2 protein chains.
Amino acid sequence: MTASKRTAQATNESLHRIFTIAEAPDSTLGRIEQEMSHNLAGFLNNHIVASKNALTDIEQDFICPRIPEQPEFVSDHMHHLLDKLVAQSVHTASPSFIGHMTSALPSFILPLSKLMVGLNQNLVKVETSKAFTPLERQVLGMMHNLVYQEGGDFYQAWMHSAQHSLGAFCSGGTVANITALWVARNKLLKAQGNFNGISRSGLFSALQHYGYQGLAILVSERGHYSLKKSADILGLGQDSVIAIETDENNKINCQQLAKKCQQLAAQNIKVLAIVGVAGTTETGNVDPLDEMADIAEKYQCHFHVDAAWGGATLLSNKHRGLLAGIERADSVTIDAHKQMYVPMGAGVVLFKDPASVADIEHHAEYILRQGSKDLGSHTLEGSRPGMAMLVYASLHIISRPGYEMLINQAIEKAEYFADIINQHEDFELITEPELCLLTYRYVPKSVQTLLAHAGDEQQAELNMLLGKLTKFIQKRQREDGRSFVSRTRIKVGRYNDEKVIVFRVVLANPLTTKQNLRDILAEQCLLAQESENFLPQLLAAVKA
Amino acid sequence: MTASKRTAQATNESLHRIFTIAEAPDSTLGRIEQEMSHNLAGFLNNHIVASKNALTDIEQDFICPRIPEQPEFVSDHMHHLLDKLVAQSVHTASPSFIGHMTSALPSFILPLSKLMVGLNQNLVKVETSKAFTPLERQVLGMMHNLVYQEGGDFYQAWMHSAQHSLGAFCSGGTVANITALWVARNKLLKAQGNFNGISRSGLFSALQHYGYQGLAILVSERGHYSLKKSADILGLGQDSVIAIETDENNKINCQQLAKKCQQLAAQNIKVLAIVGVAGTTETGNVDPLDEMADIAEKYQCHFHVDAAWGGATLLSNKHRGLLAGIERADSVTIDAHKQMYVPMGAGVVLFKDPASVADIEHHAEYILRQGSKDLGSHTLEGSRPGMAMLVYASLHIISRPGYEMLINQAIEKAEYFADIINQHEDFELITEPELCLLTYRYVPKSVQTLLAHAGDEQQAELNMLLGKLTKFIQKRQREDGRSFVSRTRIKVGRYNDEKVIVFRVVLANPLTTKQNLRDILAEQCLLAQESENFLPQLLAAVKA
């Protein structure tokens, strides 16, 4: 045997081992796994280093564009990952990480995810998913029931029907929103007479056939950016998304909405969809869905509700009334990876009418044959993992009353945080919590007094400085790594609808304590003092 | 304390435990995890029961549309999942499951996936992913390098540039293809003069502005169904996808392609994209990419290569020549969850020009701000998990030569299978393997002889019967559960381009042995004998 042949054989054997021999429990990877299994929070606390490293520094560890020519031992590579990746990742499960919609996960999720990966099912078709297909259909049925509360006969008739679909699983809310608007578009511009429908003939022919000047999607100015993205992708153009003003509670102004519908009708622009927001991304407010449904009915257009965040609130009997009217929506987006405590990658879109998907149905020769129950005939995505299992298990293990408790507590916590912000003389609450989100900013008491009596010009100047201060504090707090709030810019009624930079928090992590919240405010007060420019300028303005 | 308050407190405490206390090693879930860690293949073999249960029977276990009002203990629920779900799932990692593009996974993938889930990063933005953002950009760089082989300066300039993107991670090949065509569409119909571009103004205005009668996407008749889906979603309509004839090797006929381009130009229909297929889903053949690139250049249209399957072949120095010309593509789709042995959910689209994504760029107030390095500004999806880590680790641990070995062996195995099919008197090889896919069918020798001399009518009748027999064998084999091949219908040159039902196999699983392949043929011979209608009818035809 030549040397090169021997090397090849050795590589071959070690490759075979990679596919057949498990990682030993005392290997690096085995130990990492045990540490995670034993105490995930401890693992994350130990391994994620709150470093001030700038992103540009971190990038230096990830600059080589060549695929390695030499294999690495698993254990060596794991040390590398712990050092360069895990240490510099974000502690999304931390109780004081309240800036985004990620949270701690229930502990059964980890081993269950491992089971999901190990089974490696592909839900595009029955042949590669078998029982996962009816399971996913059941989960869609449960979520549909949560929103629409139809009777047993309804679900018996449609839940497992090949030609119907109560909804679609997808990687997240963006794909869910695109899917909903795709369905709405194809239904509106369906085949008629000689016209084969937009699905086959495209938008240009469709608008010519139906004689519309254009299409529009109406949503409040707090709508998620994925709606503009959807309009772009679907060929409608971002300008077809018309932002309707919101009231002082960040809810769509229904008078303005109705007026716009009338205006557009006069211009022969067809409203493709009215989109209600159930939990705006920035402030967590819910649109008046029932009133919106009336308007959608009057103008005969698709009514979609983007409840990516707020949909989970339906699990709380106490608070589900906040979303009253959602049951009149033609389609609803809910992200299970948000307040349903499932890991990233679990969005859902639901359809009131199980036959809605007819206009987006797809077939092929080797899968998705006519009459098959393959889920892929009605999804935007093709191959997909079995995430539905994680939602299924969570619904069974936590159960509705368990979810209710989590959701009620999150809202109570937000109310508590709003209270302490209101009581603190150096903070200003910008938006009250309706769900578990709120926005606020640091404004020294003396500046608050000045602001209250300032003329327009001075007010704008103070808000500009306050914005810079908010940005400074938020960045520094993130860099220091103990806690994290996010920031955004929103229109504020009391400042003549000026756009103001604010801290934004989401209080969904069940492990966040009141003490965490008090600590975050205290830290922000200290950080404000470190601002060498903005705070002195503000205080100088007070003196002047 | 009242009874209801006590119950509430107890539930509250048990909920808190779910988020804080790990599953005990001796719990049901703990034991399942250990069994998987210790021996995944054994776990799958033990727990997936090859049952003949019809899907309609399985559905009976998944019919309740109500979200449970009572929580279940994790251990009880795990028994339920093992019994009703896992037992009735599909053994996609089995060496004799050669019908689809799923395979056994390297053993380091399982604990690594657990790490990914535990970290629960959201790659839409740096704030929730930190080091995962440069990591994903590096993986995109490596994949870009694999295809385009640009120099070090190129990657240094663009890999981590905020306004550029070498590609996008996505949940799978379908989203990758949609993204590629979205980019192509928006680039073609970009802003010009008074026109704000399709992204803002939509397709209707865009076609009016540019004065095209329509758009077309040209791809061989073996193109993946996701291309029609893409055309539907993007507003072009499925009919805009024009299928070009293939030659006897399932490769696009470039003369026909050029002719069609000319015809369309004469009709003022702009070719939006020519799509080359690098590994057709059904037969694994690769289009003549270099020749296609010439045509795309001549007609100045976007050249996309759908290498969802075949892209991994570039890792083999021996076989990468099969894809020569791919480096001239404007965009390329590759699925890492196919022949790169990463679990479901890892697609990639790559762009030759890092500035391509400018026309699909999105921003919002609270994330994806101008100039930020948030990956979400250039992806179709929003929130996404850190799958890039699994690709990164695989590229380092397996390395390019390791992948080469896996790919070369898969092709050799397909060649071996083709050989034994050819040598077996009762089988007919329909398509030769170019990559590791092939198609064939069971045709008793006497029927083969008859077919060879049959007139058109008799040939059609025999093929119809053979189709039914193939379907019968394939279904029975799947139901028996020991092994699985898929089936499809393809046009066969030697039968006057009649569409014929065939077995389709994909030999990517490194654990599939030659013995597995011989066993599959032997089982199919036995199953054929059990056909009470079709085989006797075929043999009667021979006698007549």
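The values are calculated or read from the model by the stated rules, or taken from the named source; none is laboratory data. Everything quoted here is computed from the prediction, not taken from an experiment. Note: ideal-geometry Cβ built from the backbone for every residue, glycine included; neighbour counts use all protein chains shown.
State all residues of segment A:242-259 that are surrounded by 22 or more Cβ atoms within 10 Å (Cβ to Cβ) and in contact with a strand residue (DSSP E or B) (Cβ under 6 Å, 6 or more places away or on another chain); if no residue qualifies, say none.
A:Ile244, A:Thr246, A:Ile252, A:Leu257
Of all residues in segment A:299-334 being in a helix (DSSP H, G or I) and free of Cβ contacts under 8 Å to residues at least 40 places away in the same chain, which is surrounded by the most Cβ atoms within 10 Å (Cβ to Cβ)?
Within segment A:299-334, the match that is surrounded by the most Cβ atoms within 10 Å (Cβ to Cβ) is A:Arg328.
Please enumerate the residues belonging to segment A:433-461 that are touching a strand residue (DSSP E or B) at 6+ places or on another chain (Cβ under 7 Å), in contact (Cβ under 8 Å) with a residue 60 or more places away in the chain and not aliphatic (A, V, I, L, M).
A:Glu434, A:Cys436, A:Thr439, A:Tyr440, A:Arg441, A:Tyr442
Name the helices (runs of 4 or more DSSP H) wholly within segment B:357-457 that hold at least 3 residues that are of a type in the set (Gly, Ala, Ser)?
B:388-397, B:399-423
Looking only at segment A:216-240, count every residue that is more than 19 Å from the chain's Cα centre (by Cα), closer than 28 Å to A:Leu438 by Cβ and surrounded by fewer than 22 Cβ atoms within 10 Å (Cβ to Cβ) and tell me the total.
So the answer is 0.
Please indicate, with yes or no, whether at least one residue in segment A:273-291 is more than 20 Å from the chain's Cα centre (by Cα) and modelled with pLDDT under 95.
no
Residue-by-condition table, conditions (1) touching a Phe, Trp or Tyr at 6+ places or on another chain (Cβ under 6 Å); (2) outside the structural domain of A:Met340 (by TED's automatic domain parsing); (3) within 29 Å of A:Phe503 (Cα to Cα):
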| residue | (1), (2), (3) |
| --- | --- |
| A:Gly193 | no, no, no |
| A:Glu245 | no, no, yes |
| A:Cys261 | yes, no, no |
| A:Leu264 | no, no, no |
| A:Gly279 | yes, no, yes |
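Are there any pairs, at least 6 apart or on different chains, whose C-beta atoms fall under 8 Å, with the first in segment B:520-544 and aromatic (Phe, Trp, Tyr) and the second in a helix (DSSP H, G or I), and if so, which?
Once the first residue is aromatic (Phe, Trp, Tyr) and sits in segment B:520-544, its partners that are in a helix (DSSP H, G or I) give B:Phe534/B:Leu465; B:Phe534/B:Leu466; B:Phe534/B:Lys468; B:Phe534/B:Leu469; B:Phe534/B:Phe472.
Would segment A:488-503 turn up any residue that is modelled with pLDDT under 95, acidic (Asp, Glu) and farther than 30 Å from A:Ala104 by Cβ?
Looking through segment A:488-503, at least one residue is modelled with pLDDT under 95, acidic (Asp, Glu) and farther than 30 Å from A:Ala104 by Cβ.
Tell me, yes or no, whether segment B:365-377 has at least one residue that is touching a strand residue (DSSP E or B) at 6+ places or on another chain (Cβ under 6 Å) and either more than 10 Å from chain A (Cβ to nearest Cβ) or not hydroxyl-bearing (Ser, Thr, Tyr) (or both).
yes
Would you check which residues across segment B:402-433 are within 14 Å of chain A (Cβ to nearest Cβ) and among the polar types (S, T, N, Q) and list them?
Within segment B:402-433, B:Asn408, B:Gln409, B:Thr431 qualify.
Of the conditions (1) within 10 Å of chain B (Cβ to nearest Cβ); (2) under 30 Å from B:Pro71 (Cβ atoms), A:Val332 satisfies every one except a single condition; which number is it?
(1)
From the list A:Asp61, A:Asp76, A:Asp57, A:Asp83, which one is in contact with a Lys or Arg (Cβ under 9 Å, 6 or more places away or on another chain) and modelled with pLDDT of 90 or more? Steps first, please.
Values: A:Asp76 fails: in contact with a Lys or Arg (Cβ under 9 Å, 6 or more places away or on another chain); A:Asp57 fails: in contact with a Lys or Arg (Cβ under 9 Å, 6 or more places away or on another chain); A:Asp83 fails: in contact with a Lys or Arg (Cβ under 9 Å, 6 or more places away or on another chain).
Result: A:Asp61 is the single residue among A:Asp61, A:Asp76, A:Asp57, A:Asp83 that is in contact with a Lys or Arg (Cβ under 9 Å, 6 or more places away or on another chain) and modelled with pLDDT of 90 or more.
What are the residues in segment A:127-141 that are part of a helix (DSSP H, G or I) and crowded, with 23+ Cβ neighbours inside 10 Å, if any? Can you show your working first?
Restricting attention to segment A:127-141, the residues satisfying the condition of being part of a helix (DSSP H, G or I) are A:127-128, A:132-141.
Once the filter is applied, which keeps residues that are part of a helix (DSSP H, G or I) and crowded, with 23+ Cβ neighbours inside 10 Å, segment A:127-141 yields A:Thr128, A:Phe132, A:Thr133, A:Pro134, A:Leu135, A:Glu136, A:Arg137, A:Gln138, A:Val139, A:Leu140, A:Gly141.
Out of all the residues in segment A:421-464, which are exposed (fewer than 15 other Cβ atoms within 10 Å of the Cβ) and of a type in the set (Val, Ile, Thr)?
Answer for segment A:421-464, where residues must be exposed (fewer than 15 other Cβ atoms within 10 Å of the Cβ) and of a type in the set (Val, Ile, Thr): just A:Thr449.
Out of all the residues in segment B:221-267, which are outside any loop (DSSP other than H, G, I, E, B), farther than 28 Å from A:Arg185 by Cβ, without any contact (Cβ under 8 Å) to a residue 40 or more places away in the chain and not small (Gly, Ala, Ser)?
The answer is B:Ile244, B:Gln255, B:Gln256, B:Leu257, B:Lys259, B:Gln262, B:Gln263.
Inspect all residues belonging to segment B:56-64 and state whether any of them is more than 8 Å from chain A (Cβ to nearest Cβ) and touching a residue at least 24 places away in the same chain (Cβ under 8 Å).
no
Take the residues of segment B:156-175 that are surrounded by 24 or more Cβ atoms within 10 Å (Cβ to Cβ) and at the interface with chain A (Cβ under 7 Å from one of its Cβ atoms): which is nearest to B:Ser372 (Cα to Cα)?
Once the filter is applied, the top-ranked residue is B:Met159.
Looking at segment A:90-109 only, could you name the residues that are facing another protein chain (nearest Cβ under 8 Å) and either of a type in the set (S, T, N, Q) or closer than 15 Å to B:Ala22 by Cα (or both)?
Residues satisfying the conditions are A:Thr92, A:Ala93, A:Thr102, A:Ala104, A:Leu105, A:Pro106, A:Ser107, A:Phe108, A:Ile109.
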